[in-house]
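Reviewing the structure listed below.
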């Protein structure tokens, strides 16, 4: 879909993967380019959504959303994805404003009990990655020797802390934030809990770090998820969740 020079990919619930595309992000000393691939299997509940949006030549937005099962989560995640696709985004403040607006709309209609969704979003502007999250959809920054969790892995309804989900409270709070200067070689993953519940973070880091491309990482991840789901079914376990992940690799532009 193209809108005034803005390219956007959104998850409709029927596609598994998207072909990687290249996008530029200007760091303070050099231009960094990136490639991205998406894993999206929405056949369990149909409640995951994603947005991969090129804002201009040096900015983009990646986001994954996981609607809360049994609480019209599919509608909440779709509403948020549509808002992130349409809104002008020139700063982290703009991104938060979109989340606040959608939170207000969902809470007014669902009274904090329905129309709930998680969010993990990464906005790249001029070589800096700004992340924001609510709920248990993590964002992971992977470097050659280290990895860093850039958003909370806490469940939106954990008894250990306040609720974290879009639509659960009249005022948006308890969000996780991070700001990172990007470097060539950085790799970033956004995923919903359907992926993370089956692939522990250290294993996810190893897969992405060793992959030759985002597409290769996504294919390996999908194969692993499919295998583990089949093993779980063989043990009589019937629980199945949606799987969504965005994998992005950064490198020095040539």
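Assuming a ≥ b ≥ c are the square roots of the Cα gyration tensor eigenvalues, decide whether region 160-248 counts as rounded (a/c under 1.5), prolate (otherwise, with a/b larger than b/c) or oblate.
Details: a/c = 2.72, a/b = 1.12, b/c = 2.42.
The shape class here is oblate.
By counting other Cβ atoms within 10 Å of each Cβ, how are 173, 239, 105, 248 ranked from fewest to most? Walk me through the numbers on the way to the answer.
Values: 173 12, 239 9, 105 17, 248 26.
In order of increasing Cβ crowding within 10 Å: 239, 173, 105, 248.
May I ask you to compute the full-extension gain from residue 239 to residue 91, defined as 0.36 nm times their residue separation minus their alpha-carbon distance, rounded to one decimal in nm?
49.4 nm
Give me 250, 114 ranked fewest to most by other Cβ atoms within 10 Å of their Cβ, as a rough exposure proxy. Let's see the in-between values first.
On the way: 250 22, 114 17.
So the ranking, lowest neighbour count to highest, is 114, 250.
What does the highest-first list of 227-234, 188-195 look like by mean Cβ count within 10 Å? Walk me through the numbers before you get to the answer.
Working: 227-234: 12.1, 188-195: 26.5.
Taking the mean over residues of other Cβ atoms within 10 Å, the ranking is 188-195, 227-234.
7 Å from Cα along Cα→Cβ at both residue 173 and residue 206: what's the point-to-point distance in nm?
The two pseudo-label positions are separated by 4.1 nm.
Every number here is computed from the coordinates shown, using simple stated rules; none is lab data. Treat the numbers as computed from the prediction; the structure is a model and nothing was measured. Neighbour counts run over all protein chains shown; Cβ positions are idealised from the backbone, glycine included.
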